[in-house]
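Engineer: Pasting a structure here, questions to come.
The values are calculated or read from the model by the stated rules, or taken from the named source; none is laboratory data. This structure is a prediction, so every number in the text was calculated from the model and none was measured. Heads up, the Cβs are rebuilt from the backbone with ideal geometry, glycines too, and the neighbour counts pull from every protein chain shown. Ligands, DNA and RNA are excluded from the accessible area calculation, which covers all protein heavy atoms including side chains. Shrake-Rupley method; radii C 1.70, N 1.55, O 1.52, S 1.80 Å.
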Amino acid sequence: MKARATTGARFAVSSGVSLLSRGLWGLVAVGGLLWVAYIAVFYGGRALLGDWWAWNAILRNLHREGEVAANLGIGVHLAAGALITLIGPLQLLPSIRAAAPAIHRALGRIYVFAALAAGIGGSLFILLRGTLGGAPMSLGFGLYGALVTGAAILTLRYARRRDLQRHRRWAIRLFALGVGSLLYRVEYSLWALFTGMAGHDDETWRGGIDLVMDFFFYVPTLAVAELYLRLPPTDARPPWLRGGLVVALALGGLLGAVGLALATIAWWWPPVEAVLFAPS
Ligand code: HEM
C-alpha cells in the first residue's frame, strides 16, 4: 500500500516537472515572439521609413550620422538577435529533432550563424562606439558577445564531428545565452515592480542595479544551464530534488510571466504603437 502511494506521488511530481517545463518553454517562445515583434516593428519599421534617428528613442547612442560601421554593427546584431530568439525554442523540441532532423540541422545552421552575427555585430558596436553605461556595460556586454560567439562555434564544431553529446551541451549553453537579451528587459521590469527602479541611473546607466545587470542577464542563465546538464536522470532524482524543481519551475514561470507582461506594456508596446498608429 505504502509503496503504491510513493510511486503515485513520485509520478505526480515527475509529470508536474514535465508540465512546468513545457509551460516554461511556452513562456520563452511567446516572450520571444513579443520581443521580436518589438524589434521588427520599431527598429525595422523606423529603418524602412528611413527614420534612423528614431532608433535613439530607447537607447540614445544606437544611431549616429556618418558612423557607418557602428550603425551597421548594431543593425546586424538586431536582425540576427531576432533570428536567435525565434529559432532557439524550436531547436529544443525533441519532436522536430526526431520527426524532421533535416529541419533541425537547417534551422541549426541559421541559428549558429545568427549567433555569430549578433556577437560580432554587437562587439563591433561596443569597440567603435562604446555602450551607454561606459566601461562596466561594455565589459559585461562584450563578455556576453564573446560567450555567444564561442558557444556558437563549439555547437557547430561538435555537430560536424557527430559528437552529439558535446553538441547538445554547447547548444544548451548557447540557448541559455540567447534568451539573455530577452531576460535583460524582463528582469529590469521585475526590479521596477518590486523596488521602483531603486539604484538605477537613467543618465549614466551606472547605478548599483545597472552594474549588476551588466552581467546578471546571462550569468545566472548559464548557471541554470550547467545545473540542468548535471541533473541526474528523472528516476534517480531524490524527492527533495524533485520537489525543488517543481518550486523553481513554478516560481520562475510566475516571475517570468509577470516580468514579460510588464516589459511588453511599459517597454515594447509604446514605441510599436508609435510606429503603427503614428499620424501619417
Ligand atoms: C541574443 C540576441 C540579442 C537580441 C535579440 C538583442 C537585442 C537588442 C536590442 C533590441 C537592443 C536595443 C535596446 C532596446 O531597444 O531595448 C540591444 C542593444 C544592445 N545590444 Fe543586443 N541583442 C542580442 C544579443 C547581443 C549580443 C550577443 C551582444 C554583444 C556583443 C549585444 C550587444 C548590445 C549592445 C552593445 C547594445 C546597445 C547598448 C547601448 O545602447 O549602449 N546584444 N540589443
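Engineer: Have a look at TYR218, PHE125, LEU229 and report the one farthest towards the positive end of the charge dipole of the chain, computed about the Cα centre with Cβ charges (Lys/Arg +1, Asp/Glu -1).
Structural biologist: Projecting each Cα onto the dipole axis, the largest value belongs to LEU229.
Engineer: Just to be sure I understand the model, the point goes 7 Å from the Cα along the line to the Cβ. What's the resulting ASP51 to PHE215 distance in nm?
Structural biologist: It works out to 3.9 nm between the two label points.
Engineer: So, one more: Residues of region 10-78: accessible area per residue at 1.4 Å, in Å²?
Structural biologist: 54
Engineer: Would you mind checking the tilt of helix 164-178 against the longest principal axis of the Cα atoms of the chain, expressed as 0 to 90 degrees and rounded to 10?
Structural biologist: Long axis of 164-178 versus the principal axis of the chain: about 50 degrees.
Engineer: Of the options GLY75, GLY31, HIS167, report the single residue whose Cα projects farthest towards the positive end of the charge dipole of the chain (beta-carbon charges: Lys, Arg +1; Asp, Glu -1).
Structural biologist: It is HIS167, whose Cα lies furthest towards the positive end.
Engineer: Could you give the angle, 0 to 90 degrees to the nearest 10, between helix 134-160's Cα long axis and the longest principal axis of the Cα atoms of the chain?
Structural biologist: With both axes taken from Cα atoms, the answer is about 50 degrees.
Engineer: Taking only DSSP H segments of four or more residues, each worth -39500 (n - 2.57), what value at 222 nm results for the chain once the sum is divided by all its residues, to the nearest 500 deg cm²/dmol?
Structural biologist: So the calculated ellipticity at 222 nm is -25500 deg cm²/dmol.
Engineer: Here's another thing I want to ask about it. Of the accessible area of the chain, with the probe set at 1.4 angstrom, what percent is carbon plus sulfur?
Structural biologist: C and S fraction of accessible area: 72 percent.
Engineer: Could you give the length gained on full extension between LEU59 and ALA261, defined as 0.36 nm per residue of separation minus the Cα-Cα distance, in nm?
Structural biologist: Taking 0.36 nm per residue and subtracting the Cα distance, the gain is 70.6 nm.
Engineer: Among LEU49, PRO101, GLY180, which residue has its Cα furthest toward the positive end of the charge dipole of region 38-276, with +1 on Lys/Arg Cβ and -1 on Asp/Glu Cβ?
Structural biologist: It is PRO101, whose Cα lies furthest towards the positive end.
Engineer: Oh, and also: State which stretch of the chain is the longest one without any exposed GluC sites (Glu not before Pro), exposure meaning a DSSP loop state and at most 11 other Cβ atoms within 10 Å.
Structural biologist: Free of exposed loop sites, the longest segment is 66-202.
Engineer: Can you give the charge dipole size of region 38-276 about its Cα centre, rounded to the nearest 20 debye, using +1 on the beta carbon of Lys and Arg and -1 on the beta carbon of Asp and Glu?
Structural biologist: Approximately 1360 debye in magnitude.
Engineer: Another one. Assuming R0 = 30 Å, can you tell me the calculated FRET efficiency for the pair SER18 and ALA274, based on Cβ-Cβ distance, to the nearest 0.05?
Structural biologist: Using R0 = 30 Å, I get an efficiency of 0.15.
Engineer: Just report the Cα centroid separation between region 167-196 and region 127-156, whole Å.
Structural biologist: The two parts, judged by their Cα centres, are 15 Å apart.
Engineer: Scan region 165-271 for trypsin sites (Lys or Arg not before Pro) in coil per DSSP, keeping those whose Cβ has at most 11 other Cβ atoms within 10 Å, and list them by number.
Structural biologist: The qualifying sites are ARG230.
Engineer: OK, next. How far is helix 180-195 tilted, in degrees, relative to the longest principal axis of the Cα atoms in the chain, given as a value from 0 to 90 rounded to the nearest 10?
Structural biologist: Tilt relative to the chain: about 90 degrees.
Engineer: In debye, nearest 20: dipole of region 138-280 around its Cα centre with unit charges on the Cβ of K, R (+) and D, E (-)?
Structural biologist: Using Cβ point charges on Lys, Arg, Asp and Glu, region 138-280 gives about 1140 debye.
Engineer: Under the definition of Cα pairs under 8 Å and six or more residues apart, what whole-number percent is the relative contact order of the chain?
Structural biologist: Relative contact order here is 24 percent.
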